[in-house]
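Data first, discussion second: the structure below is written as structure tokens.
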Amino acid sequence: MLSRARDFVASSSPIQSRPDAGIALAEHRTYVENLPRWGRSYPTDIKNLLARLSIAEQAGGFEHTLSVRQLAELMGSADSTAQLSNKRLQERGLLRQLDHGNESDSATWLLTRPLHVEDTATRSEVGTVTAPPPRQMGRVPDSLVFAAIMAHDAFHYFAHGVTGARILAALDVTEGASVSELAQGCGHHPTTVRRRLRALEEDGLVVELEGLYYLSDLEISHRRMDAAAERAGTSGRAELRRSRHQQQREGFRLWTAARRQAASRGWMPTPSVPEQVQMAFQQGRSVPGWEGWNVSDPMRPVWIGNVA
């Protein structure tokens with residue numbers, strides 16, 4: 001495995017400039033778009049990869065920094081869903097974690113491709129990284145469009161879902177697509193595609209003409225998506241997620257500040273006896289619940305028995 005990795009690195013030209021990185025990322029986007037389905041987790045994992053590709057394109061390379069909260073916001077999913085997706089992608093060799101970050105910086109990740117051996121019919125060299133063959137039939141979702149709409153409230157699990165977003169990203173305003181073409185390109189059963197198309201049509205996002213489906217607007221309308229989320233009862237979910245994440249970040253910031261302050265002045269143990277109880281016993285007053293305790297040492301109260 002190590003020798004094949006070395007051979008691949010030796011045969012690949014290094015990325016020396018931002019344009020080189022842009023070309024490499026465009027090739028990687030094509031690779032991701034053509035990945036074959038691997039089960040029920042495929043749509044979620046593709047959302048993860050496309051969100052990371054958007055960040056990597058801004059960073060100018062495959063290496064990027066991203067927290068789980070940021071990823072969940074870009075994917076439009078729960079934090080736990082994003083974490084499980086990260087684990088699956090690492091197991092598949094599509095993602096590598098370089099570090100775990102620190103108090104101020106997010107974790108660093110690297111988009112990768114698995115080194116694999118093609119079957120004998122393909123006759124490719126051992127150790128080369130090759131994309132799966134492109135789909136020959138069907139209407140494939142546009143990854144850029146899908147990445148732009150997948151986190152919207154209209155495509156929440158309880159609304160049109162990720163399936164609806166993929167179908168919408170595969171449609172065009174001038175070139176119609178049939179149910180069978182969408183089913184082949186999106187990798188869903190025709191019954192599922194037909195049901196989602198009917199729901200999208202009811203919300204005004206899609207129009208049907210002579211058995212073909214088109215986008216209802218030149219560009220996907222945010223106004224229509226907002227109205228669809230309102231009807232589904234999912235409006236505001238993304239904003240609530242961002243607000244919750246911001247509260248968590250602020251809480252973590254305060255906690256780390258308090259920890260640094262405590263470390264600077266040294267650790268001070270908390271007395272076992274409350275200050276009010278200490279003052280009461282110094283004044284000779286009894287406190288309910290503390291009868292029979294010697295609290296002369298507030299750190300170590302001693303039981304001396306019931307006082308008659």
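The values are calculated or read from the model by the stated rules, or taken from the named source; none is laboratory data. Note that this is a predicted model, so its numbers are computed, not measured. Quick reminder, even Gly has a Cβ in these numbers, built from the backbone with ideal geometry, and neighbours come from all protein chains shown. The accessibility values were calculated without ligands, DNA or RNA, using every heavy atom of the protein model including side chains. Shrake-Rupley method; radii C 1.70, N 1.55, O 1.52, S 1.80 Å.
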Is the range 234-241 home to any residue that is farther than 19 Å from residue 148 by Cβ and either modelled with pLDDT of 95 or more or within 22 Å of the chain's Cα centre (by Cα) (or both)?
yes
Restricting the range 169-191 to residues that are polar (S, T, N, Q) and in a helix (DSSP H, G or I), the one most open to solvent (accessible area, probe 1.4 Å) turns out to be 184
Hey, among 166, 198, 194, which residue is modelled with pLDDT of 90 or more, assigned to a helix (DSSP H, G or I), open to solvent by less than 40 Å² (accessible area, probe 1.4 Å) and of a type in the set (D, E, K, R)?
166
Go through the range 204-225 and report how many residues are farther than 21 Å from residue 144 by Cβ and in contact with a Ser or Thr (Cβ under 9 Å, 6 or more places away or on another chain).
4
Note on the range 9-31: residues assigned to a helix (DSSP H, G or I), out of contact with any strand residue (DSSP E or B) (no Cβ under 9 Å at 6 or more places or on another chain) and either at pLDDT 85 or above or surrounded by 13 or more Cβ atoms within 10 Å (Cβ to Cβ) (or both) are 20, 21, 22, 23, 24, 26, 27, 29, 30, 31
Report the residue count in the range 252-308 for those that are part of a loop (DSSP other than H, G, I, E, B) and among the aliphatic types (A, V, I, L, M).
8
Just give me the residues in the range 46-94 being closer than 17 Å to residue 26 by Cα, assigned to a helix (DSSP H, G or I) and open to solvent by 50 Å² or more (accessible area, probe 1.4 Å), in sequence order.
57, 58, 59
Out of the residues in the range 107-136 that are modelled with pLDDT of 65 or more and of a type outside the set (Gly, Ala, Ser), state the one that is surrounded by the fewest Cβ atoms within 10 Å (Cβ to Cβ).
114
Has the range 209-221 got any residue that is open to solvent by 50 Å² or more (accessible area, probe 1.4 Å) and part of a helix (DSSP H, G or I)?
no
Looking only at the range 139-158, how many residues end up being more than 27 Å from residue 31 (Cβ to Cβ) and open to solvent by 20 Å² or more (accessible area, probe 1.4 Å)?
4
